[in-house]
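Undergrad: A single structure is presented below for examination.
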Amino acid sequence: MDEKKSDTLSEKLLAEAAEWHVRMTSDTVSDSDIERHMDWLLGNPLHADAYEIVASTVRDATDFEPQARVRFADDFAGGIDRQTPASFLHKLLPKWEWPQVATALAVAAAVAFISVLPLTSFYDAPEAEHIYSADARAVKQIKLADGSRVSLMPGATISSRMLADKREVSLKGGRAFFEVVSDKSKPFYVDTGQRLVRVVGTRFEVYAAADFDRVAVNEGLVSVSDKRAAAEGTPRAGIMIEPGMVALYQDGKEDPQISMKSPDQVGAWASGVLVFSDSRLGEVMQEIHQLHPEKPIALDPSLADRTYSGTIAIADAETMLRHLTNLLSLTLTVTDSEFIVTAR
């Protein structure tokens with residue numbers, strides 16, 4: 001938690017951010033909730049700061065609570081007057097709804113755990129495997145045990161293990177953006193099944209699909225090696241990828257296809273929203289397709305130069321296109337092979 005930053009934020013704003021966090025992590029979050037949340041975030045820079053503090057605090061509490069319950073079992077035993085935490089807190093704070101109480105409990109737990117656990121040998125123990133998934137509605141932000149951050153595109157899944165001599169993440173499928181904390185004694189690996197990405201501390205993106213892997217770098221250097229060739233006894237030298245480079249590994253081809261883009265564009269989606277200002281509709285569709293290349297988008301040529309200013313929350317391709325076409329009074333037709341955008 002950034003204490004200096006939190007000191008500048010009002011209690012009211014942090015409470016508002018906590019309410020948004022409860023809503024956005026609920027199983028019943030709607031497309032309308034996502035849109036209003038993005039509008040709230042963009043309405044004031046302090047909103048994003050407050051939300052980041054709440055989200056990271058709750059994540060830390062979630063990460064530490066199961067381990068702390070084992071380590072400090074006596075402190076958790078017995079409960080309070082044989083009541084559940086929910087019933088006890090309902091009596092203590094009768095004006096609050098339970099989601100608000102749950103967030104307050106998580107924040108309080110995080111403060112206690114973050115203060116106590118770093119002083120214990122338990123904190124430094126090798127970490128068991130953790131699995132994280134993002135559903136189809138929004139980007140999911142994760143803070144790993146080493147402090148590294150991962151943004152998961154909707155539908156992506158990773159597993160992570162923090163060991164004594166290395167940090168391992170397996171990308172089970174989908175797209176992830178990594179902001180890795182530098183630790184030369186413990187290299188950071190991302191395993192796609194076909195390829196192994198190795199870094200020390202950097203910002204980069206990995207996309208694992210059914211028939212290709214794609215690696216792009218925002219900052220620092222990344223090496224990529226072929227796991228299958230090594231397993232078959234014919235290892236090939238890995239390649240180094242620099243900022244702005246995009247390496248596309250297609251099944252059946254030994255060498256990757258290399259292209260270049262602005263380093264700042266790599267992982268731009270990790271904020272959870274695309275922002276456009278007087279952008280041509282053709283360019284907007286291209287950005288959406290770059291996020292979701294599985295199915296092409298066919299745009300009526302007469303609409304290509306129409307401009308759009310606004311935001312689109314990151315979600316699956318169909319949800320993003322429906323949001324945009326509804327705003328612009330266009331027609332979206334979805335087939336098995338493509339998305340078709342035409343005038344009404």
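The values are calculated or read from the model by the stated rules, or taken from the named source; none is laboratory data. All of these numbers come straight from a predicted model, not from anything done at the bench. We place every Cβ from the backbone using ideal geometry, glycine too, and count neighbours over all the protein chains shown.
Undergrad: Out of Ala134, Ala106, which single residue is surrounded by 19 or more Cβ atoms within 10 Å (Cβ to Cβ) and either at pLDDT 90 or above or of a type in the set (D, E, K, R) (or both)?
TA: It is Ala134.
Undergrad: If only one of Thr331, Thr307, Thr325 is more than 27 Å from Val150 (Cα to Cα), touching a Ser or Thr at 6+ places or on another chain (Cβ under 6 Å) and not assigned by TED's automatic domain parsing to the domain that holds Asp211, which one is it? Quick ask: steps written out before the conclusion?
TA: Details: Thr307 fails: touching a Ser or Thr at 6+ places or on another chain (Cβ under 6 Å); Thr325 fails: touching a Ser or Thr at 6+ places or on another chain (Cβ under 6 Å).
On inspection, the qualifying residue turns out to be Thr331.
Undergrad: I would also like to ask the following. Determine the pairs where a residue that is closer than 13 Å to Pro263 by Cα, located within region 235-251, has a partner that is of a type in the set (Lys, Arg) and at pLDDT below 90 with Cβ atoms under 8 Å apart, the partner being 6 or more residues away or on another chain.
TA: From residues that are closer than 13 Å to Pro263 by Cα, the pairs are Gly244/Lys261; Val246/Lys261.
Undergrad: Filter region 190-220 down to residues that are farther than 17 Å from Met153 by Cβ and basic (Lys, Arg) and give me whichever is farthest from the chain's Cα centre (by Cα).
TA: Arg195
Undergrad: Continuing with this model, one more query. Starting from residues that are buried (at least 17 other Cβ atoms within 10 Å of the Cβ) and modelled with pLDDT of 90 or more, keep the ones in region 290-302 and report whichever is farthest from His37 (Cα to Cα).
TA: This residue is Leu299.
Undergrad: Let me ask something else about it. List the number of the failed condition for Ser277; all other conditions in (1) in contact with a Ser or Thr (Cβ under 8 Å, 6 or more places away or on another chain); (2) surrounded by 12 or more Cβ atoms within 10 Å (Cβ to Cβ) hold.
TA: Of everything listed in (1) in contact with a Ser or Thr (Cβ under 8 Å, 6 or more places away or on another chain); (2) surrounded by 12 or more Cβ atoms within 10 Å (Cβ to Cβ), Ser277 misses just condition (2).
Undergrad: So, restricting to strands (runs of 3 or more DSSP E) that lie completely within region 130-211, which ones have at least 2 residues that are more than 27 Å from Ile53 (Cα to Cα)? Spell out how you get there, then give the answer.
TA: Details: elements: 130-133, 140-143, 149-152, 157-162, 167-179, 188-191, 195-199, 203-208.
Ranges flagged: 167-179, 188-191, 195-199, 203-208.
Undergrad: In this structure, does Ser259 turn out to be touching a residue at least 24 places away in the same chain (Cβ under 8 Å) and polar (S, T, N, Q)?
TA: Here the answer is no, as Ser259 does not meet what is asked.
Undergrad: Let me ask you something else. So in region 161-179, with the set limited to residues that are of a type in the set (Gly, Ala, Ser) and surrounded by fewer than 22 Cβ atoms within 10 Å (Cβ to Cβ), which one is nearest to Ala317 (Cα to Cα)?
TA: Gly174
Undergrad: For region 306-344, name all the residues that are over 21 Å from Trp269 (Cα atoms), part of a strand (DSSP E or B), of a type outside the set (A, V, I, L, M, F, W, C) and in contact (Cβ under 8 Å) with a residue 40 or more places away in the chain.
TA: Of everything in region 306-344, just one residue is over 21 Å from Trp269 (Cα atoms), part of a strand (DSSP E or B), of a type outside the set (A, V, I, L, M, F, W, C) and in contact (Cβ under 8 Å) with a residue 40 or more places away in the chain, namely Thr342.
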